[in-house]
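*Asks:* Below you'll find the structure I mean.
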Amino acid sequence: MSIIESVGAPLLTAAVTLGGGWLVTVRVTDRWEQVKKSREMDLAAAQDFQRLYGEFVAIWKTWDSLTDGHTPVTTPEHVGWGCLERATAAEGQIEALMAKLAAERFLTEDDIDTLGGVRQAFKVVRRSIKRGQPVGWRSSGAAPYMAIKSLSAATSVLLNTEPRTRGRPSAAVAARNFKAITDNRHETSWTDAARRFV
């Protein structure tokens, strides 16, 4: 047996083992980095949502304390104009978050109803401001307030839970989900969507 045969076979085995180990390690590391990045994005979205919910409550409370005269907000000089601007901005940010969720997650019909309900609930304050009327949720037990709390908690759980399915929906599925979330049917049923959480 020559020296090449006696050393070559073990060297070849070692090289194949090292190469295979390197490939597996690279793939595992890459997958872990993808999972980690996705989780960080989910946590950032959850923080954004919770910040927007806080903004929603702050706008509502500020507006209700300003509405003694019950006059519609029609000009920038109106005392409620700043509330209207903040409510509109928060509503736009919620809409952007809904688009993100539709594009990044496979959603169930219950998820869609929850997100559509949250979107509609955020519109309540802006609509009240435009009409010059208080939101009027005087008690923590007021049905619409209970609904927004339930829907917001469910949305926070959705955002903080790892998606049920790996991967992302196709553009067509994401578009269908976003259309369903933003469908006007939620205008009349958003408080009903929260009943399943009570």
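*Asks:* Based on Cα coordinates alone, diagonalise the gyration tensor for the range 108-167, multiply each eigenvalue by 5, take square roots, and list the semi-axes in whole Å, largest first.
*Replies:* On the way: eigenvalues 155, 33, 13 Å².
Semi-axes (√(5λ), whole Å): 28, 13, 8.
*Asks:* Over the chain, with every protein chain in place, what whole percent of the accessible area is carbon and sulfur at 1.4 Å, could you tell me? If you can, show how the numbers build up before the last one.
*Replies:* Details: 6880 of 11420 Å².
Within the chain, the accessible surface is 60 percent carbon and sulfur.
*Asks:* Would you check the accessible area of Glu40, probe 1.4 Å, heavy atoms only, in square angstrom rounded to 10?
*Replies:* For Glu40, solvent-accessible area is about 110 Å².
*Asks:* Shifting gears a bit: Once the Cα atoms of helix 109-131 and of the chain are each reduced to a long axis, what angle between those two axes, in degrees from 0 to 90 to the nearest 10, is obtained?
*Replies:* Roughly 40 degrees between the two axes.
*Asks:* What is the mean projected area of the alpha carbon convex hull for the chain, to one decimal in square nanometres? Can you show the working numbers first?
*Replies:* Values: hull surface 64.9 nm².
Computed as one quarter of the Cα hull surface, the answer is 16.2 nm².
*Asks:* In terms of Cα to Cα distance under 20 Å, which lysines are near enough to Lys179, apart from those fewer than 8 places away along the same chain?
*Replies:* Within the straight-line cut-off, Lys179 pairs with Lys100, Lys123.
*Asks:* Solvent-accessible area per residue for the chain at a 1.4 Å probe radius, Å²?
*Replies:* Numbers: 11420 Å² over 198 residues.
On a per-residue basis, the chain sits at 58 Å².
*Asks:* How much mean residue ellipticity at 222 nm does the chain get from its helices, if each DSSP H run of length 4 or more adds -39500 (n - 2.57) and you divide by all residues, to the nearest 500 deg cm²/dmol?
*Replies:* Working: 6 runs with 148 residues, N = 198.
Result for the chain, helices only: -26500 deg cm²/dmol.
*Asks:* Could you grab the Rg to Rh ratio for the range 141-188? Cα atoms only, Kirkwood for Rh.
*Replies:* Details: Rg = 14.0 Å, Rh = 13.0 Å.
Radius of gyration over Kirkwood radius for the range 141-188 works out to 1.07.
*Asks:* Towards the positive end of the charge dipole of the chain, with charges on Cβ (+1 Lys, Arg; -1 Asp, Glu), say which of Val157, Val125, Gly167 has the farthest Cα.
*Replies:* Working it through, the farthest residue towards the positive pole turns out to be Val125.
*Asks:* How high is the relative contact order of the chain, given as a whole-number percent (alpha carbon pairs under 8 Å, six or more residues apart)?
*Replies:* Details: 181 pairs, mean separation 55.1, N = 198.
Relative contact order here is 28 percent.
*Asks:* What's the FRET efficiency of Glu40 with Glu109 using the Cβ-Cβ distance as r and R₀ = 35 Å, to the nearest 0.05? Mind showing how you got there, number by number?
*Replies:* Working: r = 28 Å, r/R0 = 0.80.
With a Förster radius of 35 Å, E is 0.80.
The values are calculated or read from the model by the stated rules, or taken from the named source; none is laboratory data. What you see is a predicted model; the values in this text were computed from it and never measured. All Cβ positions, glycine included, derive from the backbone under ideal geometry; neighbour counts span all protein chains shown. Side chains are part of the model used for accessible areas, which takes the heavy atoms of the whole protein and leaves out ligands, DNA and RNA. Shrake-Rupley method; radii C 1.70, N 1.55, O 1.52, S 1.80 Å.
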